[in-house]
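This report concerns only the one structure given below.
Every number here is computed from the coordinates shown, using simple stated rules; none is lab data. Everything numeric here is computed off the predicted structure, so don't read it as measured data. Positions of Cβ are backbone-derived with ideal geometry, glycine not excepted, and every protein chain shown enters the neighbour counts.
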Amino acid sequence: MKTFTIVVHGGAGTILRDSMTAEKESAYQQGLQDSLDAGYELLGKGGSAIDAVRAAVRSLEDNILFNAGRGAVFTSNGRQEMDASLMDGKTLMAGAVASINNIRNPIELAYAVMTKSQHVFLAGKGACDFAKLHDIKTEKDEYFYSQQRYDQWKIMQGSQATALDHNIDVPGHKMGTVGAVACDANGNIAAATSTGGMTNKAFGRIGDSPMIGAGTYANNLTCAISCTGHGEPFIRAVTAYDVSCLMEYKGYSLKEAMHIVVHDKLLKLDGEGGMIGVDAMGNGEMLFNSEGMYRGMRNSNGTNVIGIYE
């Protein structure tokens, strides 16, 4: 049996210790641990990597602290628009959704696209119609209401400004996305990413999170990657796939490839944020170029770590 590993993230950006209360810090840590435990429990029972990342991301989507699912931010029209994607490294099958409303767990809709359609990517009304056909759980608008998110939006309402995630006090410096990568006991790997996007976003803006190769990628030959950051540079850099390419064509290790992308290639495009990754040997990495990233890793060798700050 190979080392099995689960790694999760809950967003990256300007996350400063002196602006965090002890109570809030503890709540974020517990949310990350709950996500790790959800994925790890499945892996420990011989479950697949794809099921483990789904379970881990569902846990974060259900947690109002994180900008995905229940905790998604408000767009310019006062609603939530969510995106998600996942990819199976064993089969290279993938599923993604964007600009969806009222779906409790967007990652489950992305999984349905992967397993129950001939497509990879569905968006907007069509994706929501597909969800109805396959009994994907929905919630009313009230389920997604967070006073903190609402207050953030009201500060920006009526302007053309947008902000990324947790704290409007530092506009543009909070990256609100959740994600998970896993390696199961058979050496299969998978990645999943989910987000509520940017506060006050307009024009149907879509970031990197639902884009296979940009925010999410998995291939048993190389790695599984889930990204979090300012989506536009991550899209332009085809960030997640670039890590895989460096491993496949240059022979770099997971850590070496991630370091080049995060600390060199992304910075040249003013790309702030980070990523988590695993390879088929169960090695896990969590790298970021911002001042913090909500993150955690647990594996069958006894590792269990949670981090927030640099």
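General remarks:
- Residue under evaluation Ala27, criteria (1) closer than 23 Å to Glu142 by Cβ; (2) touching a strand residue (DSSP E or B) at 6+ places or on another chain (Cβ under 6 Å), criterion not met: (2)
- The condition (being without any contact (Cβ under 8 Å) to a residue 24 or more places away in the chain, basic (Lys, Arg) and over 25 Å from Asp37 (Cβ atoms)) is satisfied by just one residue among Lys250, Lys201: Lys250.
Every residue, every condition in (1) surrounded by 23 or more Cβ atoms within 10 Å (Cβ to Cβ); (2) farther than 24 Å from Ala12 by Cβ, yes or no:
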residue	(1), (2)
Arg54	yes, no
Phe74	yes, no
Asp83	yes, no
Asp88	yes, yes
Val97	yes, no
Asn101	no, yes
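- Restricting the first member to region 279-302 and to residues that are on the phi > 0 side of the Ramachandran plot, and the second to residues that are among the basic types (Lys, Arg), the beta-carbon pairs closer than 7 Å and six or more apart or on different chains are Gly282/Lys2.
- Identity of the residue in region 293-302, under 17 Å from Ala56 (Cα atoms) and more than 16 Å from the chain's Cα centre (by Cα), that ends up surrounded by the fewest Cβ atoms within 10 Å (Cβ to Cβ): Ser300
- None of Asp270, Asp279 is of a type in the set (Asp, Glu) and touching a Cys at 6+ places or on another chain (Cβ under 6 Å) except Asp279.
- When Ser290 is tested against the conditions (1) among the small types (Gly, Ala, Ser); (2) more than 24 Å from Arg58 (Cα to Cα); (3) out of contact with any Asp or Glu (no Cβ under 7 Å at 6 or more places or on another chain), the lone failure is (3).
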